[in-house]
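The structure that follows is given in the form of C-alpha cells.
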Amino acid sequence: MKIENINNYERNSGIDALRGVAILSVLLLHVNIQIPFSETTIGSLLPKMVYKVLFMSGFYGVCMFFVISGFLITNSIIRKWKVLPDMSVMEFYALRFARIIPLLVILLIILSILHLAAVPGFVINPERTSLNRALIAAITFHVNWLEIQVGYLPASWDILWSLSIEEIFYLFFPIVCIVISKEWNLAILLLVFLFISPFARTFMFSDSELGDRNNFAYIDSMLIGCMGAIVSKRVNIRVSALKAMSLIGWTLFLFIVVFRKTVYDLGLTQIGLNISILSVGTVLILIKMQKQFVFSANKRKKRIVFFRLLGQYSYEIYLTHLFTIIAMVSIFRTLELKGDWIWLLYFCIIVLSALFGKITAMHISNPLNKFVKKIFNLKLKQEE
C-alpha cells in the first residue's frame, strides 16, 4: 500500500503539553532525590499528599509515557499505512532506529568517558557490573533486566530501563500487528495483558527490589495507548461523549496520582491495578485531545507554551536531564547554599534541562535522525 506523505505534519499541542507534565514529574523527582524540596520554608509546610504529588510522581510520569508512546506510534502507523497489518516492518524498524539510536549512542559514549574519568555520579559500581556489561545492556535494550539482577546503576544509566522496555515492545509490535491481521484483534491481546501486567508488576520477580521493571509489567499500558489510537481513528464520537470521556479520564488520573493512600488502602496498588487505572485515564484524555485536534483543524491555538516545549523535546530531555541535575547540584553544594536557595536550584534545573533538551534535539538528534533516514531512503517524519 502506498504510504501517506506527512511532511507537513502538525504537532498536537495538547498531547505535547501532557508529555510535558510527565517529563516535569520525572525532573522534579530526580531533583528532589538529590536536594529535597522539604528543606525550603514552603516545602516544609506542604501537606504530605501535595508534596508527594509534586515531587514524587516521576514513576507515574514514566507510566504515562508508555501510554502516550503507544498512542502516538500507532496513530503514526495508521496515518502512514492506513491499517496496522499493512505496515512495512523493515521501514518501521528503520524509523525507530533513526529516532532512537543516534542520540542513545552519543549518550553512551559520553557516559563511558565520564565513567572512565571517575567523575562522581557517573561511575558504575564494579561490585555490581562492568562498563562493558552496561553498554551491552543499553544497546540491546535490556538495562531493566540487568538492574533486576544487579540492582541500581548510576542515575544516568538507570533511566534507560524504561527505554529498554519500550523498544523491546516495538521490536515485536509490527510483527504482532501483521499476525493478528485485523486491528481490532489487538483488543484481545490487551485483555490478556490486563491480567498479566498487573501480576507482573506485583508478584513476578518479587525477589528483586527492581522486579517490577520486567517487560511484561507495562505491556498493558502501551497496548492501552495503541488501542486508544485505533479508537480515535476509527470511531466517531460525539462532542458530549468526548467531554464525558475526558472528565472520566482526568478523574481516574487524579485519583491515582493524588489520592495514593486511598488507592493503597483499597488494595489497588498491591495487585498492580493502580497503573492500569492510570493508563486508562491517560488514554481517555489522549482520545479527547486527538479528536479535538482534528475537529478544530482551522482554529488551533497554541497554549501552555512551556509544557509544550518540555513535551516536544521529552526524549532529549529524558536522556540528558541528569547531566544538568548532577552539575547544578554539585555547584549548589560547593557554594554551601541551603534553605530557600533551593527554589533557585529547582528553577535553574528545570529551565536548563528544557533548553539543553531543545538544543540537543535541534543540533544533534534531529539532524542525525534526518541523516539516518536519508541513508535508509526514508522521507517520512516520525511523530514521537
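No value in this document is a laboratory result; all are computed from the given coordinates. Quick caveat: nothing in here was measured; it's all calculated off a predicted structure. Virtual Cβ from ideal backbone geometry, glycine too; neighbours counted across all protein chains shown.
If you rank Met64, Met289, Met204, Met49 by fewest surrounding Cβ atoms within 10 Å, what's the result?
Working: Met64 29, Met289 22, Met204 17, Met49 13.
Least crowded to most crowded, the residues run Met49, Met204, Met289, Met64.
Answer with one residue from Ile180, Leu146, Leu108: the one whose Cα lies farthest towards the positive end of the charge dipole of the chain, charges on Cβ with Lys, Arg +1 and Asp, Glu -1.
Ile180
How much length is gained on full extension from Ile42 to Thr140, taking 0.36 nm per residue of separation minus their Cα-Cα distance? Numbers along the way, then the final one.
Values: separation 98, 0.36 × 98 = 35.28 nm, distance 4.39 nm.
Taking Ile42 through Thr140 to full extension adds about 30.9 nm, to one decimal.
Going 7 Å from the Cα of Lys82 in the Cα-to-Cβ direction, what parts of the stretch 167-185 have a backbone nitrogen less than 19 Å from that spot?
Answer for this model: 177-185.
For the stretch 243-382, divide the Cα radius of gyration by the Kirkwood radius and give the resulting Rg/Rh value with two decimals. Could you put the intermediate results ahead of the total?
Details: Rg = 20.1 Å, Rh = 18.8 Å.
Radius of gyration relative to Kirkwood radius: 1.07.
Moving on. Rg (Å, one decimal) plus Dmax (Å, integer) for the alpha carbons of the chain?
For the chain, the Cα-based Rg and Dmax read 20.7, 63 Å.
Using Cα pairs closer than 8 Å and at least 6 residues apart in sequence, work out the relative contact order for the chain, in percent.
On the way: 495 pairs, mean separation 117.1, N = 384.
After rounding, I find 31 percent.
Once you place label points 7 Å from the Cα toward the Cβ at Val294 and Tyr152, how far apart are they in nm?
That separation, rounded to one decimal, is 4.4 nm.
Given the options Ile77, Ile159, Ile109, which has the most mean-square fluctuation in a GNM of the chain, springs set between C-alpha atoms less than 10 angstrom apart?
Residue with maximal mean-square fluctuation among Ile77, Ile159, Ile109: Ile109.
What shape does the stretch 86-202 have by the C-alpha gyration tensor, where a ≥ b ≥ c are the square roots of the eigenvalues, rounded means a/c under 1.5, and otherwise prolate means a/b greater than b/c and oblate the rest? Working shown, then result.
Details: a/c = 3.77, a/b = 1.74, b/c = 2.17.
Verdict is oblate for the stretch 86-202.
Among Leu273, Leu337, Leu18, which comes first, second and so on when ranked by fewest other beta-carbon atoms within 10 Å?
On the way: Leu273 19, Leu337 14, Leu18 23.
The most exposed by this proxy come first: Leu337, Leu273, Leu18.
With a Förster radius of 45 Å, plug the Cβ-Cβ distance of Val105 and Leu254 into 1/(1 + (r/R0)^6) and report the FRET value to the nearest 0.05.
Values: r = 39 Å, r/R0 = 0.86.
Step by step, r from the Cβ atoms, then E = 0.70.
Based only on other Cβ atoms within 10 Å, what is the fewest-to-most ordering of Leu146, Leu171, Leu352, Leu335? Kindly include the intermediate steps, with their values, before the conclusion.
Numbers: Leu146 24, Leu171 12, Leu352 16, Leu335 9.
Ascending Cβ contact count within 10 Å gives the list Leu335, Leu171, Leu352, Leu146.
Now for a different question. When the C-alpha atoms of the stretch 40-114 are aligned to their principal axes, what extent does each axis show, in angstrom, from largest down?
56, 38, 13
Also, I was wondering about something else. To the nearest 0.05, how large is the calculated FRET efficiency for Phe216 and Lys261 if R₀ is 25 Å and r is the Cβ-Cβ distance? Write out the running numbers ahead of the final one.
Working: r = 27 Å, r/R0 = 1.10.
The calculated FRET efficiency here is 0.35.
A further question follows. Report the Cα centroid-to-centroid distance between the stretch 74-143 and the stretch 29-58 in angstrom, as an integer.
If we compute the Cα centre of each part, the gap is 31 Å.
If you don't mind, there's one more thing I want to ask. With a cut-off of 8 Å between alpha carbons and a minimum separation of six or more residues, what is the relative contact order of the stretch 139-236 in percent?
31 percent
A further question on this structure: Specify whether the C-alpha gyration tensor of the stretch 221-263 places it in the rounded, prolate or oblate class, a ≥ b ≥ c being the square roots of the eigenvalues: rounded for a/c under 1.5, otherwise prolate if a/b is larger than b/c and oblate if not.
Numbers: a/c = 5.32, a/b = 1.60, b/c = 3.33.
Oblate is the answer for the stretch 221-263, as a/c is 1.5 or above yet b/c matches or exceeds a/b.
For the stretch 187-200, what does the Karplus curve 6.51 cos²θ - 1.76 cosθ + 1.60, with θ = phi - 60°, yield as ³J(HN,Hα) per residue in whole Hz, taken in order and with x for Gly and Pro?
Going residue by residue, I get 5, 5, 5, 4, 4, 5, 7, 5, 9, 5, 5, x, 5, 5 Hz, with x marking Gly and Pro.
Under the rule a/c < 1.5 gives rounded, and otherwise a/b versus b/c splits prolate from oblate, where does the stretch 190-282 land using the Cα gyration tensor? Mind dumping the intermediate values first?
Numbers: a/c = 3.32, a/b = 1.53, b/c = 2.16.
Oblate, since a/c reaches 1.5 and b/c is not below a/b.
Oh, and also: Residues in the stretch 144-166, backbone N under 15 Å from the label point at Val123 (7 Å along the Cα-to-beta-carbon vector): list them, ranges by number please.
Residues passing the 15 Å test: 154-155.
If I take R0 = 30 Å and measure r between the Cβ atoms of Ile237 and Val305 in this structure, what FRET efficiency does the formula 1/(1 + (r/R0)^6) give, to the nearest 0.05?
Details: r = 28 Å, r/R0 = 0.95.
According to the calculation, E is roughly 0.60.
In the stretch 78-165, what chymotrypsin sites (Phe, Trp or Tyr not before Pro) fall in a loop by DSSP, with at most 13 other Cβ atoms inside 10 Å? Don't jump to the answer; show the numbers that get you there.
Numbers: sites: Trp81, Phe92, Tyr93, Phe97, Phe122, Phe141, Trp145, Tyr152, Trp157, Trp161; in loops: Phe122, Phe141, Tyr152.
In loop regions of the stretch 78-165 (DSSP not H, G, I, E or B), the sparsely surrounded chymotrypsin sites (Phe, Trp or Tyr not before Pro) are Tyr152.
GNM on the chain, C-alpha springs below 10 Å: top fluctuator among Phe306, Phe216, Phe347?
With Cα springs under 10 Å in the chain, the top fluctuation among Phe306, Phe216, Phe347 is at Phe347.
Suppose the chain between Glu10 and Ser181 were pulled fully straight at 0.36 nm per residue; how much longer would it get relative to their current alpha carbon spacing? Don't skip to the end; give the middle numbers.
Details: separation 171, 0.36 × 171 = 61.56 nm, distance 2.96 nm.
Full-extension gain reported as 58.6 nm.
Below 14 Å Cα-Cα, how many Lys pairs turn up in the stretch 207-337? Only count pairs eight or more apart in sequence, or on different chains, if you could.
Lysine pairs meeting the criterion: 5.
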